[in-house]
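Working notes, structure below.
The values are calculated or read from the model by the stated rules, or taken from the named source; none is laboratory data. Bear in mind that the values here come from a model prediction, so they are computed numbers and not experimental data. All Cβ positions, glycine included, derive from the backbone under ideal geometry; neighbour counts span all protein chains shown.
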Amino acid sequence: TLCSDKRWRKETPQSPFKVPESNNIFLQSISEKEDQKEVSVCLSLMTKRSEILRMDKCIAKEEEKLKTLEKIIERDNLKFEEFLRENEKKSVEARTLFEREAKSKQNKNAEIKKLTAEIWTVQSELTKFEETLMDSKRYKELLFKLSPPEWQEAQKLKALKANGLSPKEDSSIEESSIRNAQLKSCPPSERPQPPDEPELYFTDPQQLLDQVTELTEQNLSLIQASARAEGTLVEMRQLLETKDEEQLKLQINDMNERVDKEKKRGAKLKQKVQLHVSLNTEDQDLMLEALGEKVAAVHRCCVDDRMTNISTLEKLTNIEKRMSVLLQDLESIPEDSLEMMKKIKDSERRSRYCLREQQEKQKERTKRYTERSLADSRKIVSHSLRKCFSAAFYTTVLSKLHITTRRHHYLLVVNYKI
């Protein structure tokens with residue numbers, strides 16, 4: 001209507017009455033505003049109509065969805081009701097089955113208890129039977145051992161023949177194992193059954209009593225023989241102990257003799273030391289020179305065979321160094337070779353010891369000879385000097401001779417020790 005009014009206004013001719021221009025402008029602005037309002041209203045109406053149409057379409061779609069959902073819900077409700085009915089039916093069946101299984105379980109438990117009680121009774125009876133069987137087997141074995149050996153051999157042959165074996169077959173292990181396997185494989189009805197009543201050698205209890213008395217007599221005789229053997233054993237032990245004591249006494253005496261010898265040797269060494277202390281400075285110088293010569297000889301033999309101008313102490317230090325090196329090398333030698341070397345050295349040491357003993361004995365003989373000769377010469381000199389010289393000169397000569405003999409004896413001892 002507004003649009004049609006606008007068109008009519010545009011199409012209508014101008015009125016004969018003129019309006020002023022200012023009013024004309026005002027009217028134009030008003031008409032423009034009205035036209036704008038009309039256009040905006042038309043646009044809003046069009047948009048509202050389009051929105052209403054769109055909403056109507058959405059409502060129709062939603063109504064269709066609701067209808068489909070209602071159908072689905074109805075179908076699900078029907079299915080759920082069917083499921084509930086089936087579940088109730090199954091629960092009833094399960095309850096009845098559970099009750100039936102519980103009853104059967106109770107019955108089975110009662111049967112199991114009953115069977116376990118029967119098993120315990122059977123086991124107790126079985127243990128009793130086994131004990132009686134073991135006792136009877138022991139008695140049978142005892143009676144079999146008490147019987148004569150000829151009867152035992154005859155019973156063994158009968159048992160082998162009853163089992164279908166010969167003595168030759170019994171000796172071979174393979175055939176006996178095959179026979180045992182065959183006997184195990186055959187049914188129990190076909191296996192050879194043992195006789196109901198075993199054969200016994202003793203038909204009368206008196207025979208068994210006689211056999212037992214005979215065995216007791218044999219045991220008593222064996223006990224007496226063992227007692228006699230123990231007595232002889234005790235005597236032999238006493239003899240061995242006496243022999244050991246005698247040997248120990250001999251060893252003790254030998255050791256005492258050795259101790260006495262060592263004591264005598266110590267006394268001799270003590271005397272020699274005292275003699276060494278009592279020597280004068282000249283004797284000490286001679287001894288040091290002799291020792292220096294011996295050290296030089298050892299140094300040439302063990303360290304260096306060349307002539308050197310080093311002192312005796314330096315030579316001794318070199319010898320000690322050489323000894324330490326040799327000891328280290330000795331530790332690195334294997335045990336077998338070391339034992340062999342020790343044995344060889346022991347034999348050499350024994351031979352040297354024997355040689356030294358012989359030399360010492362020879363020196364003692366020579367010493368005695370020299371002492372005798374000196375004693376004779378002293379007597380002769382004393383007789384002659386009494387006539388020619390005074391007593392003072394005689395004493396000086398004797399003292400010089402005594403000092404020279406002591407010096408020679410000391411040097412001989414030092415050489416022997418080195």
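The set of residues from the stretch 211-231 being of a type in the set (Val, Ile, Thr) and at pLDDT below 90 comprises VAL212, THR213, THR216. Report yes if ALA290 is in a helix (DSSP H, G or I), touching a residue at least 24 places away in the same chain (Cβ under 8 Å) and farther than 30 Å from PHE144 by Cβ, otherwise no. When the stated conditions are applied, ALA290 passes them. Is it fair to say LYS264 is surrounded by 10 or more Cβ atoms within 10 Å (Cβ to Cβ) and touching a Phe, Trp or Tyr at 6+ places or on another chain (Cβ under 8 Å)? It is false that LYS264 is surrounded by 10 or more Cβ atoms within 10 Å (Cβ to Cβ) and touching a Phe, Trp or Tyr at 6+ places or on another chain (Cβ under 8 Å). Condition first: outside any helix (DSSP H, G or I) and not acidic (Asp, Glu). Now tell me which residues in the stretch 293-332 satisfy that. Scanning the stretch 293-332 gives VAL303, ARG306, MET307, THR308, ASN309, ILE310, SER311.
A search for C-beta distances below 6 Å between a residue of the stretch 320-338 that is without any contact (Cβ under 8 Å) to a residue 40 or more places away in the chain and among the aliphatic types (A, V, I, L, M) and any residue that is in a loop (DSSP other than H, G, I, E, B) and exposed (fewer than 10 other Cβ atoms within 10 Å of the Cβ), counting only pairs 6+ apart in sequence or on different chains, returns nothing.
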